[in-house]
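One structure is given below, encoded as structure tokens.
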Amino acid sequence: MIFIDGVGIGNIDYSSNPFFKYGFKTFEKFFGGIPSLQNSKLETDNRFLFPVDACLGVEGLPQSGTGQTSIFCGINAPRIIGQHFGPYPYSTLVPIIKEKNIFKYFLDKKQKVTFANAYPKIFFDYINSGKKRLSATSLMCQLNGMRLNKVTDVRHGKALTAEITNERWNKKLGYTLPIISPETAARRLLRIASQNSFTLYEYFLTDHIGHGRYEDEYEQIINNLDRFLYKIFEKMYYNNSTLIICSDHGNLEDTSIKTHTLNPALMIAAGKNARQISKQVDDLTKIKGAIINLFK
């Protein structure tokens with residue numbers, strides 16, 4: 001499962017929708033075109049791209065805290081607290097996350113599960129200081145007692161940085177990691193996934209772009225993501241594994257504004273059980289259940 005923060009399906013717009021502005025070979029090659037509100041369902045062979053509802057019957061713009069909780073716990077988080085909330089999960093949702101998160105399901109079944117992202121030292125300094133504002137994914141790991149990957153895991157090819165190539169860790173955090181290509185990162189993720197029943201990787205620069213950050217890097221960031229996903233689709237074992245790509249809300253697909261959107265979130269299912277997934281999921285709350293159904 002590759003979770004990509006802040007990617008919705010938007011209009012055909014060559015000025016403010018980066019997928020149309022810069023092109024996205026993964027969509028064009030493996031789905032026959034770039035998704036849009038005018039053409040939101042794309043299917044080729046055992047690959048399905050489709051929209052999922054991120055609003056969940058609650059007024060306001062969808063947010064990451066409640067959206068990700070809905071995805072990974074299979075609940076309608078914004079309805080429970082009466083609002084969309086983010087970027088971090090609302091405090092009263094934490095007990096629910098502890099009990100219902102998808103990692104816990106696999107751990108309780110004694111099946112191998114991993115979160116493939118690594119965290120820099122500054123993150124561990126943050127949590128060791130007693131601060132508790134964590135994203136849904138890192139919070140799930142903490143609540144389950146799962147070890148979080150460190151820089152040494154990146155060096156040994158056992159984890160990925162959240163920006164794929166390691167370059168930002170070097171530039172922004174002072175590391176001297178080898179720069180890897182998006183294709184190498186994709187192969188590493190596939191290798192990690194082959195060793196587990198369930199593997200999750202999170203990518204969030206898409207949401208940052210949607211909020212107007214890194215404006216001079218838009219094309220490079222989109223291109224790196226495209227190359228990464230292209231290699232995933234090219235090299236994955238379609239007969240033996242299922243790939244899910246999903247997002248929590250719209251944002252990136254309309255850079256004319258710097259807020260989230262009301263657009264449906266992007267969802268992709270490919271591989272062995274892709275058709276089954278595509279038939280079961282129409283909103284964020286059903287993603288977890290669809291995954292679990294594959295193991296029953």
In the stretch 1-22, residue farthest from residue 182 (Cα to Cα) [restricted to those that are free of Cβ contacts under 8 Å to residues at least 40 places away in the same chain and in a loop (DSSP other than H, G, I, E, B)]: 12
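Residues of the stretch 126-158 being among the polar types (S, T, N, Q), closer than 19 Å to residue 73 by Cβ and surrounded by 16 or more Cβ atoms within 10 Å (Cβ to Cβ), which ones? Talk me through it step by step, then tell me what you get.
Just the residues of the stretch 126-158 that are among the polar types (S, T, N, Q), to begin with: 128-129, 135, 137-138, 142, 144, 149, 152.
Still in the list and also closer than 19 Å to residue 73 by Cβ: 135, 137-138, 142, 144.
Listed by number, the residues that qualify are 135, 137, 138, 144.
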In the stretch 59-69, the residues that are in contact with a strand residue (DSSP E or B) (Cβ under 8 Å, 6 or more places away or on another chain) and assigned to a helix (DSSP H, G or I): 67, 68
Unmet requirement for residue 125, which otherwise passes all of (1) among the charged types (D, E, K, R); (2) closer than 24 Å to residue 106 by Cβ; (3) not in a loop (DSSP other than H, G, I, E, B): (2)
Members of the stretch 95-122 that are of a type outside the set (D, E, K, R), part of a helix (DSSP H, G or I) and either surrounded by fewer than 15 Cβ atoms within 10 Å (Cβ to Cβ) or in contact with a helix residue (DSSP H, G or I) (Cβ under 7 Å, 6 or more places away or on another chain) (or both): 95, 96, 97, 102, 103, 105, 107, 122
Residues of the stretch 44-58 satisfying the condition of being over 15 Å from the mean Cα position of the chain (by Cα) and either free of Cβ contacts under 8 Å to residues at least 40 places away in the same chain or in a loop (DSSP other than H, G, I, E, B) (or both): 44, 45, 46, 55, 56, 57, 58
Any pair with Cβ under 7 angstrom, 6 or more apart, that starts in the stretch 245-273 at a residue that is closer than 12 Å to residue 49 by Cβ and ends at one that is assigned to a strand (DSSP E or B) and of a type in the set (Lys, Arg): 270/47
One residue from 137, 152 being polar (S, T, N, Q), part of a helix (DSSP H, G or I) and more than 15 Å from the chain's Cα centre (by Cα): 152
Residue match in the stretch 2-21 (condition: of a type in the set (Val, Ile, Thr), modelled with pLDDT of 95 or more and surrounded by fewer than 17 Cβ atoms within 10 Å (Cβ to Cβ)): yes
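In the set 257, 292, 232, 244, which member is out of contact with any His (no Cβ under 7 Å at 6 or more places or on another chain) and farther than 17 Å from residue 1 by Cβ? Let's see the steps before the verdict.
Numbers: 292 fails: farther than 17 Å from residue 1 by Cβ; 232 fails: farther than 17 Å from residue 1 by Cβ; 244 fails: farther than 17 Å from residue 1 by Cβ.
Of the residues listed, the single one that is out of contact with any His (no Cβ under 7 Å at 6 or more places or on another chain) and farther than 17 Å from residue 1 by Cβ is 257.
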Criterion violated by residue 170 - all others in (1) without any contact (Cβ under 8 Å) to a residue 12 or more places away in the chain; (2) over 21 Å from residue 214 (Cα atoms) satisfied: (2)
Residue list for the stretch 193-209, filter: buried (at least 18 other Cβ atoms within 10 Å of the Cβ) and more than 18 Å from residue 164 (Cα to Cα): 198
Search result, residues across the stretch 261-296 that are farther than 13 Å from residue 67 by Cβ and hydrophobic (A, V, I, L, M, F, W, C): 268, 269, 270, 274, 277, 281, 290, 291, 292, 294, 295
Pairs with Cβ under 6 Å, 6+ apart, first in the stretch 220-236 and over 15 Å from residue 47 (Cβ atoms) and aliphatic (A, V, I, L, M), second surrounded by 20 or more Cβ atoms within 10 Å (Cβ to Cβ) and at pLDDT 95 or above: 221/205; 222/18
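If you scan the stretch 179-199, which residues turn out to be under 10 Å from residue 116 (Cα atoms) and among the polar types (S, T, N, Q)? If you could, list the steps in order and put the result at the bottom.
Narrowing the stretch 179-199 to residues under 10 Å from residue 116 (Cα atoms): 188-189, 192-193, 199.
Result: 199, single match.
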Residue in the stretch 176-192 that is assigned to a loop (DSSP other than H, G, I, E, B), hydroxyl-bearing (Ser, Thr, Tyr) and under 19 Å from the mean Cα position of the chain (by Cα) present: no
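The values are calculated or read from the model by the stated rules, or taken from the named source; none is laboratory data. In this text, all values refer to a predicted model and were calculated from it rather than measured experimentally. Note that each Cβ is placed from the backbone with ideal geometry, even for glycine, and that neighbours are counted across all protein chains shown.
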